[in-house]
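Asker: Take this structure first; my questions come after.
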Amino acid sequence: MYLVHLRLLPPPGGERLPAATAALLMRGRGADADRVEHVSVHAEAQPCPVVGVYVQASTLEEAEAAAQLAWARAVVTHPPLAQWELLSAEVPLLRPDMDE
């Protein structure tokens with residue numbers, strides 16, 4: 001399982017992510033097409049909101065693509081999300097020395 005971070009640029013008006021964002025990403029998933037297991041929304045993250053998407057995938061690249069697809073499906077089913085620009089869909093890389 002991979003955790004993919006979707007980094008989002010808010011619309012110019014400064015609106016908050018809809019409270020139902022996680023549910024929208026989960027609801028929009030296809031029958032095993034994207035393998036999304038869980039979604040966590042961090043609307044207050046700086047410098048921009050982050051949506052954490054937990055994906056079952058064989059590779060990092062497949063996980064990132066699946067998370068991006070889940071976002072695209074959510075935008076189609078809930079057009080107000082289209083105001084948010086998807087900046088990246090990436091597995092966060094952690095430095096091993098960060099635990100020290």
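Asker: Filter region 33-63 down to residues that are closer than 23 Å to P11 by Cα and either in contact (Cβ under 8 Å) with a residue 24 or more places away in the chain or β-branched (V, I, T) (or both), then give me how many there are.
Answerer: Of the residues in region 33-63, 9 are closer than 23 Å to P11 by Cα and either in contact (Cβ under 8 Å) with a residue 24 or more places away in the chain or β-branched (V, I, T) (or both).
Asker: Additional query: Looking only at region 1-58, filter to residues that are in a loop (DSSP other than H, G, I, E, B) and among the basic types (K, R); which one of those is modelled with the lowest pLDDT?
Answerer: This residue is R29.
Asker: Just to be sure before I move on: is R7 in contact with a Leu (Cβ under 9 Å, 6 or more places away or on another chain) and at negative phi in the structure I sent?
Answerer: yes
Asker: Under the condition of being more than 13 Å from Y2 (Cα to Cα) and in contact with a strand residue (DSSP E or B) (Cβ under 7 Å, 6 or more places away or on another chain), which residue from region 69-97 is surrounded by the fewest Cβ atoms within 10 Å (Cβ to Cβ)?
Answerer: Selected residue: E85.
Results for (1) of a type in the set (D, E); (2) more than 10 Å from the chain's Cα centre (by Cα), shown as yes or no for each residue.
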position: A43; (1), (2): no, yes
position: A57; (1), (2): no, yes
position: E62; (1), (2): yes, yes
position: A66; (1), (2): no, no
position: A70; (1), (2): no, no
position: V76; (1), (2): no, yes
position: W84; (1), (2): no, yes
position: E90; (1), (2): yes, no
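The values are calculated or read from the model by the stated rules, or taken from the named source; none is laboratory data. Since the structure is predicted, the reported quantities are computational estimates derived from the model, not experimental observations. Using ideal geometry, Cβ is built from the backbone for each residue, glycine included, and neighbour counts are taken over all protein chains shown.
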